[in-house]
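The values are calculated or read from the model by the stated rules, or taken from the named source; none is laboratory data. These figures come from a predicted structure and were not determined experimentally. Note: ideal-geometry Cβ built from the backbone for every residue, glycine included; neighbour counts use all protein chains shown.
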Amino acid sequence: LKDGEINKIDEKTKIVAFAHVSNVLGMEFPVKELTEKAHSVGAIVVLDGAQSTPHKKIDVQALDCDFFVFSGHKMCASQGIGVLYGKRDLLETMPPFLLGGDMIEYVKEQTATFNELPYKF
């Protein structure tokens with residue numbers, strides 16, 4: 001970025017989260033440049049696609065983001081609808097934040113094994 005803001009992404013940075021497209025101007029942010037910088041220091045990239053998803057085809061692999069999120073609000077979906085895409089290797093390392101139902105593969109008295117993706121969530 002011309003103003004040097006990208007230089008604030010350094011080895012201390014753990015997560016870089018930003019919008020894919022501005023909700024004010026409709027401009028697309030420099031995803032490739034920001035993602036490359038974040039990944040170069042080992043940070044995870046979370047891309048907010050709430051403004052872009054209703055208006056363009058999204059290729060998360062080409063974007064190379066670690067997580068891509070959007071709500072259904074801009075697409076006239078029912079209240080509370082949302083989508084989270086995550087790279088498989090990251091999702092596999094994450095523990096579930098809510099427990100119960102079909103997210104358990106195997107249970108013993110002292111241990112449990114979580115189901116495969118996406119069922120463990």
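When you scan the range 57-79, do you find a residue that is of a type in the set (A, V, I, L, M, F, W, C), touching a Cys at 6+ places or on another chain (Cβ under 9 Å) and on the phi < 0 side of the Ramachandran plot, even just one? The answer is no, given that none of the residues of the range 57-79 is of a type in the set (A, V, I, L, M, F, W, C), touching a Cys at 6+ places or on another chain (Cβ under 9 Å) and on the phi < 0 side of the Ramachandran plot. Of all residues in the range 76-99, those satisfying the criterion of being of a type in the set (Val, Ile, Thr) and either touching a strand residue (DSSP E or B) at 6+ places or on another chain (Cβ under 8 Å) or surrounded by 13 or more Cβ atoms within 10 Å (Cβ to Cβ) (or both) are Ile81, Val83.
So which strands (runs of 3 or more DSSP E) are wholly in the range 15-115 and hold at least 2 residues that are more than 14 Å from the chain's Cα centre (by Cα)? In the range 15-115, 104-107, 112-114 are the strands (runs of 3 or more DSSP E) which contain 2 or more residues that are more than 14 Å from the chain's Cα centre (by Cα).
Residue pairs whose Cβ atoms lie under 9 Å apart, separated by 6 or more positions or on different chains, with the first residue in the range 3-31 and hydroxyl-bearing (Ser, Thr, Tyr) and the second at pLDDT 85 or above and surrounded by fewer than 10 Cβ atoms within 10 Å (Cβ to Cβ), are Thr13/Gly42.
Listed here are the residues, each with its yes/no results for (1) farther than 19 Å from Ala17 by Cβ; (2) surrounded by fewer than 18 Cβ atoms within 10 Å (Cβ to Cβ); (3) touching a Phe, Trp or Tyr at 6+ places or on another chain (Cβ under 6 Å).
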{"site": "Gly42", "(1), (2), (3)": "no, yes, no"}
{"site": "Val45", "(1), (2), (3)": "no, no, no"}
{"site": "Asp48", "(1), (2), (3)": "no, no, no"}
{"site": "Pro54", "(1), (2), (3)": "yes, yes, no"}
{"site": "Asp59", "(1), (2), (3)": "yes, yes, no"}
{"site": "Phe67", "(1), (2), (3)": "no, no, no"}
{"site": "Ser71", "(1), (2), (3)": "no, yes, no"}
{"site": "Lys74", "(1), (2), (3)": "no, yes, no"}
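Which residue, of Tyr119, Tyr106, is touching a residue at least 12 places away in the same chain (Cβ under 8 Å) and of a type in the set (Phe, Trp, Tyr)? It is Tyr119.
When the range 14-58 is filtered for residues that are in contact with a Lys or Arg (Cβ under 9 Å, 6 or more places away or on another chain) and hydroxyl-bearing (Ser, Thr, Tyr), only Thr53 remains. Checked against the criterion of being touching a residue at least 24 places away in the same chain (Cβ under 8 Å) and not assigned by TED's automatic domain parsing to the domain that holds Phe121, the range 74-81 has at least one qualifying residue. Scan the range 100-112 residue by residue and report those that are out of contact with any Ser or Thr (no Cβ under 7 Å at 6 or more places or on another chain) and exposed (fewer than 11 other Cβ atoms within 10 Å of the Cβ). If the condition is that a residue be out of contact with any Ser or Thr (no Cβ under 7 Å at 6 or more places or on another chain) and exposed (fewer than 11 other Cβ atoms within 10 Å of the Cβ), then Gly100, Gly101, Asp102, Val107, Lys108, Glu109, Gln110, Thr111 are the ones that fit.
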